[in-house]
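Structure first, commentary second.
The values are calculated or read from the model by the stated rules, or taken from the named source; none is laboratory data. Keep in mind that this is a model prediction, so the values were computed, not measured. Cβ placement follows ideal geometry from the backbone for every residue including glycine, while neighbour counts extend to all protein chains displayed.
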Amino acid sequence: MKLTLKVKFKPGITTATAAYAPIKYDKVGYFCFQFDDGSKGFLVADNLWNSYSYTDGCGNVKHYKGSVGMNRGTGVPGSNDYSAGVFNGPDLIGLINKGHDVENHSYYHTGNTNNPSTDKDKDDATINIILEHDIIDKYAYYKMRGVIVPQNYTAFDTAAERLKYLWCISQGAAPFEGTPIYQGNIPAEVNTIPNFYRLTRFYNDNWDNSSIEAYKAPFNSLVAGTTNIMPMFTHSTLDVPSNLAAFTSLFDYFNTQANDKVAFISLREALEYDQIRKVPVSSSLIGDTLSLTINTEDLTDVTRFFDTSFKITADAEIDSVTVDGYTSATFNPTTGLVNGFYQKKSWLKDSPDAIQELPVKHSKFTI
Ligand SMILES: [Zn+2]
């Protein structure tokens, strides 16, 4: 399908051009928080994040979004370990519908533990990714695009890339077999953006007032524009009051320091924007209206976020923006920023497969 923004200008317009903002909403960078192992701390954070906001650069309030890394093949139902029993299919659909993402943290949370260099171990990574992918696809109707490396096992990045995932992430660069590896920066230039991203991330499970200090400097680097992406994760369930107090204190700090310069979104939303800004735009100024059209067929059909942010340069102020294909648009007549919004929501469909409890073990495989 085609997505078109029609930007109408006030009288006197003679020239108008558009370019993608390097970062969504023309922010300086992305902060992307993840809860691994299906931690129910995600629900606590989601509640807290409703009290923070930033804008889309056009005066519209956005609340923080993040992601939960799911794995199903091990663990004890009802515990917060290895996700079993924590989130069911409808839970996940609810989180997804709120704008959050689900990532593939591998089915068994293991793999290639004996000898990372053998073909068998590479197969382990592939099987782990496929099994978890199929479970979430079947029971939450959701096609994940990111792999979180379990522990520090190698071969997950190459397996993820081979399976046409969009990214793979780990707290260290050591598990990655391929290159390049992005530590704090994804490429700014449109022409050098890869189709697969290897990213490192920050990690904190000690939620106390001294441990959180370590994450303030990297966040300040993000706000300063020294880096442009800061992924971070925890396993914490945040059900100990002192843990939640420290978590809240750190996010209070982030929210204040960000000063509306940072997009607090899932990695999927960030990296899908990074893909969409590679799509050629056909642009034409006819009369007082600049039409900007992109073809979604240029993107993989598992793309969820088709949102676009354009910076418009023109010799008259924007008067209004209408859409064709997009769901909605926002604009800022002072900065020339125009956002178009469209999100694929195929997981909203009704299905008789909806179940309250995801299977702990995949029926086709045993450990
Ligand atoms: Zn894990």
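Any idea which of A246, A214 is in the same structural domain as E189 (by TED's automatic domain parsing), in contact with a Phe, Trp or Tyr (Cβ under 6 Å, 6 or more places away or on another chain) and closer than 25 Å to G172 by Cα? Before the answer, list the steps.
Working: A214 fails: in contact with a Phe, Trp or Tyr (Cβ under 6 Å, 6 or more places away or on another chain).
Within the list A246, A214, the selection yields A246.
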Subset of segment 65-86 (residues that are modelled with pLDDT of 75 or more, in a loop (DSSP other than H, G, I, E, B) and crowded, with 24+ Cβ neighbours inside 10 Å): N71, R72
Scan of segment 119-153 for residues that are within 16 Å of the ligand (Cβ to nearest atom), assigned to a loop (DSSP other than H, G, I, E, B) and surrounded by 20 or more Cβ atoms within 10 Å (Cβ to Cβ), ordered by number: M144, V149, P150, Y153
Condition check for A263: assigned by TED's automatic domain parsing to the domain that holds E103, more than 16 Å from the ligand (Cβ to nearest atom), within 25 Å of V149 (Cα to Cα) and out of contact with any helix residue (DSSP H, G or I) (no Cβ under 9 Å at 6 or more places or on another chain): no
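From Q171, Q183, which residue is within 19 Å of the chain's Cα centre (by Cα) and surrounded by fewer than 18 Cβ atoms within 10 Å (Cβ to Cβ)? Show your work before the answer.
Details: Q171 fails: surrounded by fewer than 18 Cβ atoms within 10 Å (Cβ to Cβ).
Sole residue among the options that is within 19 Å of the chain's Cα centre (by Cα) and surrounded by fewer than 18 Cβ atoms within 10 Å (Cβ to Cβ): Q183.
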Any hit, segment 88-108, residues being within 16 Å of the ligand (Cβ to nearest atom), at pLDDT 95 or above, among the hydroxyl-bearing types (S, T, Y) and outside any helix (DSSP H, G or I): no
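For segment 210-222, check the following and say yes or no: at least one residue is part of a loop (DSSP other than H, G, I, E, B) and within 16 Å of the ligand (Cβ to nearest atom). If you could, list the steps in order and put the result at the bottom.
Restricting attention to segment 210-222, the residues satisfying the condition of being part of a loop (DSSP other than H, G, I, E, B) are 210.
Of the ones still in play, those that are also within 16 Å of the ligand (Cβ to nearest atom) are none.
The answer is no, given that none of the residues of segment 210-222 is part of a loop (DSSP other than H, G, I, E, B) and within 16 Å of the ligand (Cβ to nearest atom).
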Entirely in segment 266-349, the strands (runs of 3 or more DSSP E) that have 2 or more residues that are surrounded by fewer than 19 Cβ atoms within 10 Å (Cβ to Cβ) and of a type in the set (A, V, I, L, M): 282-286
Pairs, first farther than 18 Å from N228 by Cα in segment 243-267, second outside any helix (DSSP H, G or I), C-beta under 6 Å, six or more apart: N243/W207; N243/S236; L244/L238; A246/W207; A246/D208; A246/N209; F247/W207; F247/L238
Members of segment 154-168 that are more than 15 Å from the ligand (Cβ to nearest atom) and either surrounded by 24 or more Cβ atoms within 10 Å (Cβ to Cβ) or in contact (Cβ under 8 Å) with a residue 60 or more places away in the chain (or both): A155, D157, A159, A160, K164, Y165, L166, W167
Of all residues making up segment 7-47, the number that are over 22 Å from V262 (Cβ atoms), outside any loop (DSSP other than H, G, I, E, B) and modelled with pLDDT under 95: 1
